[in-house]
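Report on one structure; see the data block that follows.
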Amino acid sequence: MASAVQKIKLSSSRDIPFNKLVLSQSNVRRVKAGMSIEQLAESIALRTLLQSLSVRAVLDEDGKENGMFEVPAGGRRYRALELLVKQKRMSKTQPVPCVVRDDGLAEDDSLAENDERIGLHPLDQFRTFKLLLDGGMSEQDIAARHFVSPAIVKQRLRLASVSPKLQEVYAEDGMTLEQLMAFSVTADQARQEQVWENVSNSGYDEPYQIRRMLTENTVRASDRRAQFIGLDAYEQAGGSILRDLFEQDDGGWLQDVSLLDRLVTDKLKAQAETVAAEGWKWIAVAVNFPYGHNDGLRELDGIPVDLTDDERTSIDALRAEYDKLEADYAEADELPDEIDQRLGEIEAALSTFDARPVIYDPADITRAGVFISIDDDGALSVDRGYVRPEDEAPAVDTTAGSADGADTLDRDEESASVSRAVITVGGAPAEPDDDEDDAIKPLPDRLITDLTAHRTLALRDALAAHPPVAFVAVLHNFVLATFYRFASSSGCLEIAVRSPTLPAQAPGLNDSASAKAMDARHDAWKARLPKEDDSVWDVLVAFDATEQASLLAHCAALSVNALYEPANRYNEGRVSANAVRRRLDHADVLARAVGLDMVAAGWKTGVDNYLGRVTKPRILEAVREAKGEQSVQLIDHLKKGDMAREAERLLEGTGWLPEPLRLAVTGNDADGAPATAETEALPEFLADDEEQVDLDDDRPDVSAAE
């Protein structure tokens, strides 16, 4: 016959006056952790005691109860009650709910109570905060009652707004808390679920990748357009901003891109209307002009507005303070932070005097124009005083032509005496869709031209910084022209001196480090040279040898032409395949001589300048060369746009370069034997399945002319 199951018996409970309780030495908690005693006391004052104390009767020497009870489990609650008594917020005789234990060990009770405690799941906390908010509590009330900061409450409430489907995935340990936090960047739950479906199947689910996918159709608040408009103006116009409460987001992401662009256009056009009142013939407006947008235009020489006596006094005082600080800390290994900050403030103050307004001849203004754009910091940039070649002579028709790629937005009727400025707003042409075939095809001619434009600009900057090499380069050109009159090519220096025009569409060319360095160097020399050309000789003679060498290097650098130019029906008589090849070969010689490093020159392979303009096999080839086959497997299943963006991240910091930007290996370096005219071939990125044809070989008239 089966024995009966013995039923358990729970310990009895009773209310014991607080002054009959003492803290037991058997309590195993020795290290402070979690909520402080003060916070726990406030919680008890708000909600009373939510959990009974576990106590044991204190026995005298004879083993009899003496009326006191020790607390082995619940020591923190005891201390909180003790604090309330000391603060006279609770009577010392207040009955306290207690569970009275009389068997087992007190230490075992204390250890079990702490071990068996399970913290609240974060998801339950998120949802409860949401219930409290819906129940009428404010975020500040919730924070005060649960002893956290309002920012923590905002974060928890944001997590509670994530899609319920994703919350369940998190509850089942299907995603991490960091991933759930990444999804909270947007309130669009359908988009959250769509992104999770994409990333969960690919293993491509790092929090930063999730954030990138959720914000890929937005504009960062640090973008020059957003800085120019201002976030307040954007929001007042009805725009919304995504904010990340868990990571530094630099102001967030602007969701309504079309609204942002409209606000930018309207503000730029309003600024253009103000500038137009000065009497300029034309005004070109763009968010950012491409490099070389003012090539072929004559820049007017204006006269800076004279400084006032107060301004001169301020300049002298600032320079004196600057010189004194530099002298005082000349021997210091490192400037103190406050001194370094002050020197920066003085430099900024002095620069404002250098950028004072310029006065132009009214007669020049009527035939010249202005470029209005936004600089890197989001500030308005107004570049006045450029004359187009067709406007050099007095024009009968006072209508100014539009700038390249610009659409005329506003035009008033001309009057007999004064013509209103024509304001144009430029736009970038759209790039054609890329081929998605699996085969690795030759790079597009347009892309190679853009890449070699970056290399040409970097090579110009490098050559200008190496006067000895520049001397040899110029001498090489002169020797060819003097002693080899019938040479088919003079190399990559086109000395007239003429500066070849670079393709204006190459992405990032205008903001590249090489472009900025060349412009700064050019402006510095221009400031030192006389305005009248009949005085140039005397100025050059006064320069020392180092200055002359540096100036020559700069002039030589401007003539560098390392561009790839595909032969076509428009230039087949001017540009042959052999001529382009010889030009690129000489550019490699020059690049090795100056130690050209495109990575050091600022090149970063990205979506806009390469990855978004080549096929998927090319993208995978780049990642394979830089990171290996394992990295390729992370992205080979993605669509073209996602693959390009992730490849950009993988290539960051690797120094990988597209083939047209690499330093070519010489024949001797490659196989120990110099290359010959018979064995020389085009680089692999120019190779095609079809035989390369030299255009000149098919044109005997051109050969005869040469």
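Of all residues in region 239-289, those satisfying the criterion of being under 20 Å from ARG212 (Cα atoms) and of a type in the set (Val, Ile, Thr) are ILE241, VAL257.
In region 225-236, what residues are of a type in the set (A, V, I, L, M) and open to solvent by 50 Å² or more (accessible area, probe 1.4 Å)? Of everything in region 225-236, just one residue is of a type in the set (A, V, I, L, M) and open to solvent by 50 Å² or more (accessible area, probe 1.4 Å), namely LEU231.
Tell me which residues, restricted to region 178-215, are part of a loop (DSSP other than H, G, I, E, B), open to solvent by 50 Å² or more (accessible area, probe 1.4 Å) and under 19 Å from VAL153 (Cα atoms).
ALA187
Counting only residues that are touching a strand residue (DSSP E or B) at 6+ places or on another chain (Cβ under 8 Å) and surrounded by fewer than 16 Cβ atoms within 10 Å (Cβ to Cβ), region 244-264 holds 3 of them.
Take VAL536 and tell me if it is within 24 Å of LEU297 (Cβ to Cβ), modelled with pLDDT under 80, open to solvent by 30 Å² or more (accessible area, probe 1.4 Å) and in contact with a helix residue (DSSP H, G or I) (Cβ under 7 Å, 6 or more places away or on another chain).
no
Can you find a residue that is at pLDDT 85 or above and within 27 Å of LEU509 (Cβ to Cβ) anywhere in region 661-675?
So the first thing to find is which residues in region 661-675 are at pLDDT 85 or above, and the list is 661-662.
Now narrow it down to the ones that are within 27 Å of LEU509 (Cβ to Cβ): 661-662.
Yes; the residues of region 661-675 include at least one that is at pLDDT 85 or above and within 27 Å of LEU509 (Cβ to Cβ).
Just to be sure, is ARG342 basic (Lys, Arg), touching a residue at least 12 places away in the same chain (Cβ under 8 Å) and either open to solvent by 90 Å² or more (accessible area, probe 1.4 Å) or not assigned by the TED database to the domain that holds ASP266 (or both)? Don't jump to the end; show me each part of the working.
Working: basic (Lys, Arg): yes; touching a residue at least 12 places away in the same chain (Cβ under 8 Å): yes; either open to solvent by 90 Å² or more (accessible area, probe 1.4 Å) or not assigned by the TED database to the domain that holds ASP266 (or both): no.
No; evaluated as a whole, the condition is false for this residue.
In region 518-536, the residues that are touching a residue at least 24 places away in the same chain (Cβ under 8 Å) reach residues that are open to solvent by 60 Å² or more (accessible area, probe 1.4 Å) and not polar (S, T, N, Q) with C-beta atoms within less than 8 angstrom, at least six apart or across chains, in these pairs: LYS531/ASP301. Using the structure shown, decide if SER54 is at pLDDT below 90, on the phi < 0 side of the Ramachandran plot and not assigned by the TED database to the domain that holds THR93. The answer is no for SER54. Looking only at residues in region 128-162 that are in contact with a helix residue (DSSP H, G or I) (Cβ under 7 Å, 6 or more places away or on another chain) and touching a residue at least 40 places away in the same chain (Cβ under 8 Å), which one is farthest from ALA182 (Cα to Cα)? Out of the qualifying residues, it is ARG145. No other residue among ASP266, ASP232, ASP261 is under 23 Å from GLY641 (Cα atoms), without any contact (Cβ under 8 Å) to a residue 60 or more places away in the chain and assigned to a helix (DSSP H, G or I) apart from ASP261. Within the set GLY238, GLY174, the sole residue that is modelled with pLDDT of 85 or more and on the phi > 0 side of the Ramachandran plot turns out to be GLY238.
Name every residue in region 345-360 that is of a type in the set (D, E, K, R) and open to solvent by less than 80 Å² (accessible area, probe 1.4 Å), in order of residue number. Matches in region 345-360: ARG356 only.
All conditions but one from (1) within 30 Å of GLY378 (Cβ to Cβ); (2) free of Cβ contacts under 8 Å to residues at least 60 places away in the same chain; (3) hydrophobic (A, V, I, L, M, F, W, C) apply to PHE289; the one that does not is (2).
Taking the conditions exactly as written (surrounded by fewer than 16 Cβ atoms within 10 Å (Cβ to Cβ) and either outside any helix (DSSP H, G or I) or modelled with pLDDT of 90 or more (or both)), does GLU311 satisfy them or not? In short, no.
Taking the criterion of being surrounded by 13 or more Cβ atoms within 10 Å (Cβ to Cβ) and of a type in the set (Asp, Glu), the only residue of region 376-386 that qualifies is ASP383.
Restricting SER240, SER314, SER258, SER222 to those that are more than 30 Å from SER512 (Cα to Cα) and under 25 Å from the mean Cα position of the chain (by Cα) reduces the list to SER240. Of all the criteria given as (1) open to solvent by 80 Å² or more (accessible area, probe 1.4 Å); (2) modelled with pLDDT of 85 or more, the one not satisfied by LEU318 is (1). Within region 42-75, the set of residues being over 30 Å from ILE142 (Cα atoms), open to solvent by less than 90 Å² (accessible area, probe 1.4 Å) and not polar (S, T, N, Q) comprises VAL55, ARG56, ALA57, VAL58, ASP60, GLY63, GLY67, MET68, PHE69, GLU70, VAL71, PRO72.
The values are calculated or read from the model by the stated rules, or taken from the named source; none is laboratory data. On a predicted model such as this, the values are computed, not experimentally measured, just so you know. As a convention, Cβ positions derive from the backbone with ideal geometry for all residues, glycine included, and neighbour counts pool all protein chains shown. We work out accessible area using only protein heavy atoms, side chains counted, and drop any ligands, DNA or RNA first. Shrake-Rupley method; radii C 1.70, N 1.55, O 1.52, S 1.80 Å.
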